[in-house]
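A.B. asks: Take a look at this one; I'll ask things after.
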Amino acid sequence: MVATTVWDIKEQLAESTGVEASELKFFTKQGPYHREQKDSEEIGRKVTVRGIKSFTRQRMEYPHPICVIGAGHIGLRQAMIFLKHKETNFVIFDRKPKVGGQSWWDQANTTSKLQTELGVYHLNFDETLEPPTKDYPWPSRDELLEHFEEKSREYGLFPYIRLSTDVKEMKVGGGKNELATYEVTLQGVEKLDEPEESFMTSALLLYPGNLSVARREDYKGEDTFGGIIAYGMFNELDYNTIQGKNVAIVGHGAFAVENVRTCLEYSAGQMYLVCRRKNLSCPRFVSWLANQSYTPVSAVLFLNAMQPMYDLVGFDQWSYYAVQANAARSHCTIMQKARFGIGDVYFLAISWGKLEVIEDKLGVKRLSEGALHCGNGRRLQVDAVLKLLGFVGNFDNDRLMKVKEMFGFWVNEDFKRYLVAEPISVMASNFGGTSFSPGAIVWAEHAMHFLHYPSDYYKKIIEVSGTLIPRHKTNGEDVPAYVVDARHGTQTMTIIGGVIPWLIERGGIEVGIKNSRMHLLHPIDRFIDYCKEDWDYYCDKLRKEGMSGPEFPYTHEIAHKYYSMYEAEHEAAVRKQMGGAR
C-alpha cells in the first residue's frame, strides 16, 4: 500500500486553488502542541492547513475593466461567458450602431443565408440555456442579426456594450505580467467632431470578425465591357439588375458558391464560375454529418458522403488538389486554401445546365465588350462579371494590438492581449464540424480562464506547453500576424484544451451540446426533407425556364446509410480511446 504524503496533498491543493505548493504548511496536533509535517511524511488523519484563505480557488481581480473589442458572435459569447461566471468588470466596444459583427453587417448581402446549420450557430449554445425554438436550418442574414439583438437584450448584455465607438489606439501602460495595464483611445463614429476619450483597461480581447478586406483585382478592358462589374458582397450589387443576364462569377470560395444561389434566386441567365482551380464544395448533408458528431468524422467518410452530389455533376472529389490520399482511398487529408462553400444549389445549377464551372490555371485574361476572355482562350458572352476573390486580413488589427508575433491566440506571449479571428483554410484528416458556435464558446472560455487564473498560463502554457503552441508572424505583404491557418488554430485549441482540467471538462460538455442541439433541431429525416424542399424550389424555377435535371440525390435511406457509417466510426473511436486508457 502506497502512503499519501504531505507533498502529494500540497500538489493537489495547489492544482485546485492556484496557490504555490511551497507556500502551504500542514500541522498535526501532538498533545497540547501543533507540529508542522514534513513534505515526505504520510499525511495525518486530521491536519490544519495554513497558506490558503479558502479551498475554493481565488481568481485574479483587476483594477480596470477588461476591454472586449467587437460585438459580433465571439464578442457577445464572451460577454455571456463572463456573466455566467459572475464576471462583470468588462466593456464591449464596437464601431457599429448595432450588435452582430461585420461579417453579417458588412460582408454579407441582404440575400445571404447561413451556410451551416442553426443548431450549431446561435447564442443559446450553452448547456444552461434553452435551444432555439425555430428548426429551419438556414436563417437569413436579417434573421441572424435579429437573433443577435434579441438575445443580447434577453441575456442582459447591453449594459456592458458601447456601440458606435471605435478603439483607435492602444498603449501598453505600467506593470508587468498580470499587473500590466493598457490605455486605449476611443472615438465616437456617429459624429466626426466628437472628442477622443482615454480608457484604462487591464486586458484587451479583440474579435475583429472574419477576414474583412475584399481581395480586389482589376482586369484589362473593364472600361470597354459595357455591362455590370461588381464584387458580390458588401451589398455592392442590386441583384435585381442581373435578371435574365448571363453572369460570370470569378472565384471558387464560399462567397462564390453563395453567389450561385443568389444569382439563381434572382433569375440570372446562363452562369459561369471561372476559377484557377476548384475547391471542394460541401453538400448540406455532409455539413450536417460533421456538425452532429461526437467524435470527428474521418476525411474518408466526409468525402465518401459527398458522392451522391458529386455524381450528379461528374466531378471526382477525390481528385481535387486539396485531397491527399493513399491509392486505396482508405486514408486522406484535406488541405485547402479556402474554407468549404456549403450548399446544394451549386450542384443543382451544374447538373441542370444552368452553371458551368471553368477551371483555368491562367484565370481571367481580359474583358471586352460583352465578353470575358479566359486565359485558355475561351470567350464567354456575359452581361455581368461578379468578382468573388476572397478576403485578406486587416493590418490595422496587428497595429492596434502591437503584434510582433502571435503565440497561439495571444499577442507577444501576453495573456492579457487575446486576438481571435476564425482561422483560414482547411487542414484536417477528420472533421468535427463546419460551424462557428462550438469554436466561439471555446475561445471565450480560454480567454476568461487565463485572465482569472494567470498562474495556469505561466505554469501550464508557457513552462509546460510553450514549445508546442504554434507561433505566427506577418509575411510583411498581405498576411497580418493575427491571420492564422487551420493547423495553427486546431493545434492551439487542442493543446490548451488538454492541459487545464476545467477546460477538459468543458470540452466534453460542449461536444454533447453540439450533438444534442443538432439532433433536437435537425433530426436526420426532417433535415433531409428541408434539403429536398429547397432543392425542389429551385428546380421549379428552372423548369419554368424550360430546363430539366436530376432530383435531390439524398433519400432518407442514403442519408441513414452514411449516418450508420459514422456511428460505426464513432464506436471504433470510443473503443480505441477506452483501450488506450487501460
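A.B. asks: Sort the following peptides by mean Cβ neighbour count (other Cβ atoms within 10 Å, averaged over residues), highest first: 373-386, 66-79, 318-331.
C.D. replies: Numbers: 373-386: 17.7, 66-79: 26.2, 318-331: 12.4.
Packing order, densest peptide first, comes out as 66-79, 373-386, 318-331.
A.B. asks: Can you compute the helix-only [θ] at 222 nm over the chain? Use -39500 (n - 2.57) per DSSP H run of at least 4 residues, normalise by all residues, nearest 500 deg cm²/dmol.
C.D. replies: After summing the helix terms and dividing by the residues of the chain, the value is -10000 deg cm²/dmol.
A.B. asks: Another question, then. Suppose each label sits 7 Å from its Cα in the direction of the beta carbon; what would the LYS176-ASP223 distance come out to in nanometres?
C.D. replies: According to this spin-label approximation, the distance is 6.1 nm.
A.B. asks: Ordered by residue, what ³J(HN,Hα) values in Hz, to whole numbers, does the range 283-300 give under the Karplus form 6.51 cos²θ - 1.76 cosθ + 1.60, where θ = phi - 60° and Gly and Pro are x?
C.D. replies: Each residue of the range 283-300 in turn: x, 4, 4, 5, 4, 4, 4, 6, 6, 8, 6, 8, 8, x, 7, 5, 4, 4 Hz.
A.B. asks: While we're on this one: I'd like to compare 288-298, 93-103: which one has the highest average count of other Cβ atoms within 10 Å, and what's the full order after that? All intermediate terms of the calculation are to be shown ahead of the outcome.
C.D. replies: On the way: 288-298: 22.4, 93-103: 20.2.
Order by mean packing, descending: 288-298, 93-103.
A.B. asks: If you build the convex hull over the alpha carbons only and average its shadow over all orientations, what do you get for the range 29-156? Give it in nm² to one decimal.
C.D. replies: Values: hull surface 55.3 nm².
Over every viewing direction, the Cα hull of the range 29-156 projects on average to 13.8 nm².
A.B. asks: A further question follows. Would you kindly derive the ³J(HN,Hα) couplings of the range 267-273 from the backbone phi angles with the Karplus curve 6.51 cos²θ - 1.76 cosθ + 1.60 (θ = phi - 60°), listing them in order in whole Hz, with x for Gly and Pro?
C.D. replies: So the J values, rounded to whole Hz, are 6, 5, x, 5, 10, 10, 10.
A.B. asks: Assuming R0 = 41 Å, can you tell me the calculated FRET efficiency for the pair SER455 and ASP193, based on Cβ-Cβ distance, to the nearest 0.05?
C.D. replies: Working: r = 46 Å, r/R0 = 1.13.
The computed FRET efficiency comes out at 0.30.
A.B. asks: Whole Å is fine, so just give me how far the alpha carbon centre of the range 81-132 lies from that of the range 340-389.
C.D. replies: What the calculation gives is 34 Å, centre to centre.
A.B. asks: What net charge is computed for the residues neighbouring LEU163, neighbours being all others with C-beta under 12 Å from the C-beta of LEU163, Lys and Arg scored +1, Asp and Glu -1? Before the final figure, lay out each step's value.
C.D. replies: On the way: positive: ARG95, LYS96, LYS98, ARG162; negative: ASP94, GLU149, ASP166, GLU190.
The answer is 0.
A.B. asks: Sorted by average packing, counted as other Cβ atoms within 10 angstrom per residue and highest first, what order do 149-157, 391-399 take? Don't skip to the answer; put the middle values down first.
C.D. replies: On the way: 149-157: 15.2, 391-399: 17.7.
Ranking, from highest mean packing down: 391-399, 149-157.
A.B. asks: Are there any trypsin sites (Lys or Arg not before Pro) in the range 165-213 that are in a DSSP loop and have at most 14 other Cβ atoms within 10 Å? List them by number. Don't skip to the answer; put the middle values down first.
C.D. replies: Numbers: sites: LYS168, LYS171, LYS176, LYS191; in loops: LYS176, LYS191.
Loop-located and lightly packed - LYS176, LYS191.
A.B. asks: Please report the net charge: other residues with Cβ closer than 11 Å to the Cβ of ARG276, K and R +1, D and E -1. Please report the intermediate quantities before stating the final value.
C.D. replies: On the way: positive: ARG277, LYS278, LYS337, LYS361; negative: GLU359, ASP360.
Once positives and negatives cancel, what remains is +2.
A.B. asks: Would you mind calculating the gained length between ASP238 and ARG379 on full extension (0.36 nm times residue separation, minus the Cα-Cα distance), in nm to one decimal?
C.D. replies: Values: separation 141, 0.36 × 141 = 50.76 nm, distance 2.56 nm.
In short, 48.2 nm is gained.
A.B. asks: While we're here: Out of residues 5 or more away from PHE93 or on other chains, whose amide H comes under 5 Å of its own, with H placed 1.01 Å from N in the peptide plane?
C.D. replies: Result for PHE93 returns VAL68, ILE69, GLY70, ARG162.
A.B. asks: Taking 0.36 nm per residue of separation and subtracting the Cα-Cα distance, what length does fully extending ASP142 through LYS561 add?
C.D. replies: Numbers: separation 419, 0.36 × 419 = 150.84 nm, distance 3.55 nm.
Taking ASP142 through LYS561 to full extension adds about 147.3 nm, to one decimal.
A.B. asks: What percent do you get for the relative contact order of the range 371-511 when only Cα pairs under 8 Å and 6+ apart count?
C.D. replies: On the way: 138 pairs, mean separation 40.3, N = 141.
The value is 29 percent.
A.B. asks: For the range 140-204, rounded, prolate or oblate, judged on the Cα gyration tensor with a ≥ b ≥ c (square roots of eigenvalues), a/c < 1.5 rounded, else prolate if a/b > b/c?
C.D. replies: Working: a/c = 3.02, a/b = 1.61, b/c = 1.88.
The shape class here is oblate.
A.B. asks: Spelling out what I want: for every residue of the range 441-449, take phi, set θ = phi - 60°, compute 6.51 cos²θ - 1.76 cosθ + 1.60 (Karplus), and round to whole Hz; glycine and proline get x.
C.D. replies: So the Karplus estimates, Gly and Pro as x, are 5, 5, 4, 5, 5, 4, 4, 5, 4 Hz.
A.B. asks: Same structure again: Whole-Å semi-axes of the range 216-356's equivalent ellipsoid, largest first, each the root of 5 times a Cα gyration tensor eigenvalue?
C.D. replies: Details: eigenvalues 193, 50, 38 Å².
Ellipsoid half-lengths, sorted descending, are 31, 16, 14 Å.
A.B. asks: What is the spread of the Cα atoms of the range 6-50 along each of their three principal axes, largest first, in whole Å?
C.D. replies: 32, 17, 15
A.B. asks: So for the range 6-50, averaging the separation of alpha carbon pairs under 8 Å that are six or more residues apart and normalising by length, what relative contact order in percent results?
C.D. replies: 40 percent
A.B. asks: Near the amide H of LYS245, under 5 Å away, which other amide H atoms are found, from residues 5 or more places off or on another chain, if H is placed in the peptide plane?
C.D. replies: So LYS245 has HN proximity to GLY269.
A.B. asks: Still on this model: Given 0.36 nm per residue, what is the gain on full extension from VAL49 to LYS168 after removing their alpha carbon distance, in nm? Before the final figure, lay out each step's value.
C.D. replies: Details: separation 119, 0.36 × 119 = 42.84 nm, distance 4.93 nm.
So the extension gain works out to 37.9 nm.
A.B. asks: At 7 Å along Cα-to-Cβ for each site, give me the label-to-label distance between TRP502 and MET547 in nm.
C.D. replies: Once both label points are built, they end up 5.4 nm from each other.
A.B. asks: Amide H to amide H under 5 Å from GLY188: which residues, 5+ apart in sequence or cross-chain, H placed 1.01 Å off N in plane?
C.D. replies: ASP166
A.B. asks: In whole percent, what relative contact order does the chain give with Cα contacts below 8 Å and a gap of six or more residues? Don't skip to the answer; put the middle values down first.
C.D. replies: Details: 1056 pairs, mean separation 95.3, N = 582.
Reported as a whole number, the value is 16 percent.
A.B. asks: To the nearest 20 debye, what charge dipole does the chain have about its Cα centre, counting +1 at the Cβ of each Lys and Arg and -1 at the Cβ of each Asp and Glu?
C.D. replies: Numbers: 68 positive and 75 negative charges, 265 e Å.
With only Lys, Arg, Asp and Glu charged at Cβ, the dipole is about 1280 debye.
All of the numbers you see were taken from the coordinates with simple rules; none came from a lab. Model, not experiment: these values are computed from the prediction. Don't worry about glycine lacking a Cβ; one is built from the backbone with ideal geometry, like all the others, and counts go over all protein chains shown.
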